[in-house]
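Heads up, the thing below is written out as structure tokens.
The values are calculated or read from the model by the stated rules, or taken from the named source; none is laboratory data. Model, not experiment: these values are computed from the prediction. With ideal geometry, Cβ positions are generated from the backbone for all residues, glycine too; neighbour counts draw on all protein chains shown. Only protein heavy atoms, including side chains, enter the accessible area calculation; ligands, DNA and RNA are left aside. Shrake-Rupley method; radii C 1.70, N 1.55, O 1.52, S 1.80 Å.
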Amino acid sequence: MATPGGPRPPNIFNPNLISDNMQNLQLNRPNLPPSSGPGPRGPVPPFGQHPFPTSAPFSGHPPPNAVPRGAVVRPPQGALPLFMAPNRAPAAGAAAGGGGGSNQPPSLASRPMSSGPLPSSATSTHPGPFAGLPVPRHNVGGGGGPVGNGPPMFGPGGMRGGPQYPPRPSAGPQPSPPIMSSPAGPFTGQPTPYSGSLPDQPPRGPPAFSAQSPGMPLPQASPFGAQAQPWQMQPRQNVPPPPILGSGQPPRMFGMQPPLPNQQSMATVSPAVGADGSAVTGPSKLDPNQIPRPIPNPSVLLHETRQGNQANPPPPATSEFIVRDTGNCSPRYMRCTINQIACTSDILTTSGMQLALLVQPLALPHPSEEPIQIVDFGESGPVRCSRCKGYINPFMKFIDQGRRFICNFCGFTDETPRDYQCNLGPDGRRRDVDERPELCRSTVEFVATREFMVRDPMPAVFFFLIDVSMNAVQTGATAGACSAISRVILDLPEGPRTMVGIATFDSTIHFYNLKRASQQPLMLIVPDVQDVYTPLQTDVIVPLSECRQHLDLLLESIPTMFQSNKTADSAFGAGIKAAFMVMKSTGGKLLVFQSVLPSVGIAALSAREAEGRSNISAGEKEPHKLLQPVDNTLKTMAIELAEYQVCVDVFLTTQSYVDIASISIIPRTTGGHVYYYHPFSALSDPAKLYNDLRWNVTRPQGFEAVMRVRCSQGLQVQEYSGNFCKRIPTDVDLPAIDCDKSIMVTLKHDDKLQDGTECSFQFALLYTTVFGQRRIRVSTLSLPCTITLSNLFRSADLDTQFSCFLKQAANGILTNPLVQVREQVTNLCISVLHAYRKFCATVSSSGQLILPEALKLLPLYTLALIKSIGLRTDARIDDRSFWINYVFPLSAQLAIPLVYPRMISIHDLDTKETEGSVIPAVIPLSSEQVNENGIYLLENGEDCLIYIGSTADPDTVRQLFGISSVGEIPSQFVLQQYENPLSKKLNEVINEIRSQRCNYLRLKLCKKGDPSGALFLSYMVEDKSPSGLSYVEFLVHVHQQIQSKMA
């Protein structure tokens, strides 16, 4: 593929350090001009991608080399990201792709125009900013005085969001990663070392910072050890595969202790024992030292998805692992709540567990994982079942010498297309199975044909809508938004397909003509905010390459132009409607910066009731009514936006109540996201605003998407949950989809499944890359069926089960009183544990609390959920609304940290042994663990709180924060790096956390006796508090409820 937009500097970004790409404003450093970086102005190839060849202009079409049916496309070197590189050479043929244009609006893009069931959604991978290259960590900061935590603020080498995988130090040989295999017989608890070699490491390149601090050497650490020291693999013993799943001894869950023969694996919490050896009586009969707590595994796990033709249960979502696709798809893309499927609905109901999938179609892969293969079947398109339209995958069985195949979803026998036929070997498999990615890998990417297009693929359109009302200007929100946009413009994909536009609004709407030759942009005002119109049909959205200078000039002028604005009203709804009218013909991303409650024009809102006006807790007084949109106006607008492929992201830079419940319906319906900065600080929040915006536009994503999930006969999709628009029952429509979004798919039985067989699930996502290619991403998962209840508990996936609890609770808050939702969540937990106690652990003593090993932390996380902002009675209405919207698209990796955050001590960072990890050992969330002499950091994936004890060592406080005493703690805090080991270590830790979370966490200093201190202590979920029982008391309560049910 040719270079979009001309040559780019050959810098390569570190994909493992999102924090290296996230920057604090350099308050103590002169601003550098945008051209201060090396090389020509403009972004470097994103996500560590090799520079595009520069021999020809970008055409916007799929790769030119066509391949015979079923072959893998191999575009020119460097045209594809690393995790999508094809693995076979191209052959001659006609180019696939293309599509008839249509002048009609894109009514839900790319639905195939075929008879019969609609094809499943498909996805395309974006040949630009997707892959990542491991490169050395670059820790910016040096010389005299403090510097900000991050690279320089200006220049093209700024933040480029990267995958969330922490780099490893290179010192010494690396341990071999355990493999997630299931040897026969009782599991030893020791993972078998992997005998092969890791996928080829991509080449490393220099860090791509535009301006490096003088005299700063680059540490030679790389993400998974130095290049010269690969994993020291040990030969693995040849063990036979485990018995057929569904029988007595299926593969065991990771981390589970070996069971005794004929006995279920379990965790027991025994009564506390007194000095005389007798059990302690009283309200708390459990031994606090035995209660289960999470124990993170700092090592990198190697997970093979299938072994010996059996599915391997996935590692925990919160652990770090490298996946080898050996038949099932990576758990990053699709996880099931139970890794063995109940044969009947009665067995599932008895277990009390949920049956659901968590699908994250564009999840970021690990840098060391093999690329996703791109397959081009030419004009005929990928091979599919003619009955259910399922896509070809490793579990379709070929018969009759390869002339026919049996669908693993509906069981229908199809004729194999003549040019796809291949003889079968003695084992019944096709002889070419290892040469065809679609037959040996469960995640592949198909090039979409014209059948999947109702119009030409849409361009990449980014339209920015900025609040310039009096409050927004005075609080610095307008200036912060303009600064962030002007810097992010440098990182948009260049070329004729990238288009941009800008509008501002207060009580009127202001458009800008960006295409006036050698003149400054012209402002066009729309005063009617009830009956909105667009003053220009063209020149409001223009190709980025034609308006870059005008954009810079305009964004620099807007804060000055409106600095004396006395208009307090905000026409939020009218602004979105006007922007939509401009974007209607193309679709694209609409990024809205809003600071006050929308008060005039279409969808004007008012502070609802006393709770809204004073922004206090609604308590138990039917708060759900304040968590729903005030009327259907914005919902109707949102559906129309989704129909024309417009995705809306809202950045709320506010000081007061803005009715997130009403505003959020637009991003939720259009596949967007709500970003919430409350209270907005002009000192500390512009850095997060900039980094959030930059990750939003540079992360792996696609447009005009449709997704469908299929499953084997006997099961059917019951419901989808997430940020999307659903117009027909079987599909979800996504104006935009990105690597951070997940969709929950609940399933139900409609027939019996056969014990000993396997049940298949497949998602297909059809979408357009930012470079205008139409693709279909397909992932398939096959799991065993069982009639044994104990197998369900043994193979339960805690992260996915809890993610379902979390999302169902968020949905329940919208329609039920909080006390009822808390009760439902508790009862869900008790029902699961009661079923296990009653049917799988009947020989145990009634005085013991028996927990299934795979779900032993479920009570702790359930208690944490009950005490979370979403379910507490003292939370602000907007905070609860934001929490709900944050949860809906949340991935399994971030679900547990949201309610049970990670806490570490940082006063002793320079003396701790971290076992190869940058982040030290975690501490249980109990105030008993928080010493007033210490300093502690707590993060939940969105916010980062630093608690400074009242008697903390003043010298340590000075080294870390540059203040001499706890009394000087500022309310607005920007982390600096000082010239001492402790400060440098803290910056490394925070950068590492930001890297893992793919989020530039807000930092806040907390102290005892202050509201900030109360906020920190509210996360001590193991303590007794007004919002719930202590952890020990909750376990006692759960035990008592189980005993009463047993009686």
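Computed values, structure above
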| read-out | value |
| --- | --- |
| Taking the stretch 812-906 and dividing mean pair separation by its residue count, relative contact order in percent (alpha carbons under 8 Å, at least six apart) | 27 |
| Over the stretch 381-484, relative contact order from alpha-carbon pairs under 8 Å, at least 6 apart, % | 19 |
| Compactness of the stretch 693-847 - radius of gyration and Dmax, Cα, Å | 19.2, 63 |
| Cα-based convex hull, the stretch 800-890, per residue volume (Å³, whole number) | 98 |
| Ordering of 1014-1027, 869-882 by packing [mean C-beta count within 10 Å, highest first] | 869-882, 1014-1027 |
| The stretch 643-680 versus the stretch 690-744: alpha-carbon centroid distance in Å | 18 |
| Normalised contact order of the stretch 922-981, rounded percent, pairs of Cα under 8 Å and 6 or more residues apart | 22 |
| P(r) histogram, all alpha-carbon pairs of the stretch 287-437 included - 5 Å bins from 0, percent | 1, 7, 12, 15, 17, 16, 13, 8, 4, 2, 1, 1, 0, 0 |
| Three principal axis lengths of the stretch 878-921 [C-alpha, angstrom, descending] | 41, 21, 12 |
| For the stretch 777-853: accessible area per residue (Å², 1.4 Å) | 26 |
| For the stretch 423-494, alpha-carbon Rg over 2.2 N^0.38 Å | 2.25 |
| 3J(HN,Hα) from dihedral phi, the stretch 678-689, Karplus parametrisation 6.51/-1.76/1.60, rounded to Hz, x for glycine, proline | 9, x, 5, 10, 5, 8, 9, 8, x, 5, 5, 4 |
| Solvent exposure ordering (accessible area, 1.4 Å, most first) of E370, E643 | E370, E643 |
| Partners for K984 among lysines (Cα-Cα distance below 17 Å; same-chain residues under 8 apart left out) | K912 |
| Amide proton proximity set for V500, modelled H, under 5 Å, gap of 5+ | F462, V542, L544 |
| Alpha carbon Rg of the stretch 957-1031, scaled by the compact-globule rule 2.2 N^0.38 Å | 1.32 |
| Two-site FRET efficiency, A1047 against A682, from Cβ-Cβ distance with R₀ of 56 Å, rounded to 0.05 | 0.35 |
| Vicinal HN-Hα couplings computed from phi for the stretch 1018-1024 (Karplus, 6.51 cos²θ - 1.76 cosθ + 1.60; Hz; Gly/Pro x) | 5, 8, 7, 6, 7, 8, 6 |
| Amide proton proximity set for A796, modelled H, under 5 Å, gap of 5+ | N339 |
| Heavy atoms of L783 accessible to a 1.4 Å probe, total area in Å² rounded to 10 | 10 |
| Per-bin percent of Cα-Cα distances, the stretch 375-456 [10 Å] | 17, 51, 27, 5, 0 |
| Per residue convex hull volume, Cα atoms of the stretch 866-1016, in Å³ | 124 |
| Rg over Rh [alpha-carbon atoms, Kirkwood Rh] for the stretch 446-547 | 1.05 |
| Rg(Cα) / (2.2 N^0.38 Å) computed for the stretch 410-458, rounded to two decimals | 1.55 |
| Scattering profile of the stretch 493-595 at q = 0.17, 0.19 Å⁻¹ [log10 I(q)/I(0), Debye over alpha-carbon scatterers] | -0.80, -1.00 |
| The stretch 432-472: proportion of alpha-carbon pairs further apart than 17 angstrom, % | 66 |
| Too-long pairs where the Cα-Cα distance tops 26 Å, listed order kept, from K389/K752; K389/K589; K741/K856; K688/K1024 | K389/K589; K741/K856; K688/K1024 |
| Burial order of peptide ranges 772-779, 839-846 (average beta-carbon count within 10 Å, highest first) | 772-779, 839-846 |
| Dipole moment magnitude, nearest 20 debye, the stretch 687-794 about Cα centre, only Lys, Arg, Asp, Glu C-beta charged | 300 |
